[in-house]
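A.B. asks: If you scroll down you'll find the structure; I have some questions about it.
Since every read-out is calculated from the coordinates, none of them should be taken as a lab result. These numbers come from a predicted model, not from an experiment. A quick note on method: Cβ atoms are made from the backbone with ideal geometry, for glycine too, and the neighbour counts reach across all protein chains shown.
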Amino acid sequence: MADDASALAQLSDSGPLGLTRGEQVLLAGLRLWAGLRLSGEAPQASVRQLMAEQVSDRAGAIFVAMMESLERQTRRPVEIRCGPCAGYAQDEQRLIVACGVSRVDMATARALLTPLVMQPEPVAIFARALNMVLSHEGLEMPARLFDAPFPPGPGIVPSVTLH
């Protein structure tokens, strides 16, 4: 891809409505990864650079590790829509929501990932680590699927945004 950073710009302009900045960055990374794979290029360096520019090098490294873990054990091809598409595919939603939920409920994160991978635990662990890094950088991920408000349970970080 000629301009890897354009993936984020396209997403911000025409991506799904209602996504947080952290979710937008993840979606841009997913779409860039898929686009590079489809064009026969190795996505690791470009995606890591995009994530590093938008968040941090740690976020880039963890995102790449999560995607490599996912690719090693996929049940089927992961559905990713084109970058400028206004909607987003169910698999994209599963990955993004699993990343957000992983901080408060790993069982739900694993359940979301189960249709995609044979062993969801490693991908869920990387998703949680990515969530923590994004949060540290001011891009907290919402823990979607939960009715708000609900009282945080034991081990739930109070700063998590619940939608």
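A.B. asks: Between HIS136 and ALA107, how high is the FRET efficiency from 1/(1 + (r/R0)^6) when r is the Cβ-Cβ distance and R₀ = 22 Å? Nearest 0.05. Please report the intermediate quantities before stating the final value.
C.D. replies: Working: r = 24 Å, r/R0 = 1.08.
So the FRET efficiency works out to roughly 0.40.
A.B. asks: In whole Å, largest first, what are the principal axis extents of the Cα atoms in the stretch 15-131?
C.D. replies: 32, 28, 27
A.B. asks: Also: Can you tell me the FRET efficiency between ARG72 and LEU17 if r is taken as the Cβ-Cβ distance and R0 is 25 Å, rounded to the nearest 0.05? Walk me through the numbers before you get to the answer.
C.D. replies: Numbers: r = 33 Å, r/R0 = 1.33.
Efficiency, rounded to the nearest 0.05: 0.15.
A.B. asks: What does the charge count near GLN90 come to, summing +1 for each Lys or Arg and -1 for each Asp or Glu among other residues with Cβ under 11 Å from its Cβ? Display every interim value, and only then the final one.
C.D. replies: Working: positive: ARG81, ARG94; negative: GLU79, ASP91, GLU92.
So the environment of GLN90 carries a net charge of -1.
A.B. asks: Which distance in nm do the two modelled labels at THR114 and ALA42 give, with both placed 7 Å along the Cα-to-Cβ direction?
C.D. replies: Those two pseudo-labels are separated by 3.5 nm.
A.B. asks: While we're looking at this one, here's another question. Length gain on complete extension for the stretch GLU121 to GLN90, per 0.36 nm per residue less the alpha carbon to alpha carbon distance? If you can, show how the numbers build up before the last one.
C.D. replies: Values: separation 31, 0.36 × 31 = 11.16 nm, distance 1.96 nm.
Using 0.36 nm per residue and subtracting the Cα-Cα distance, I get 9.2 nm.
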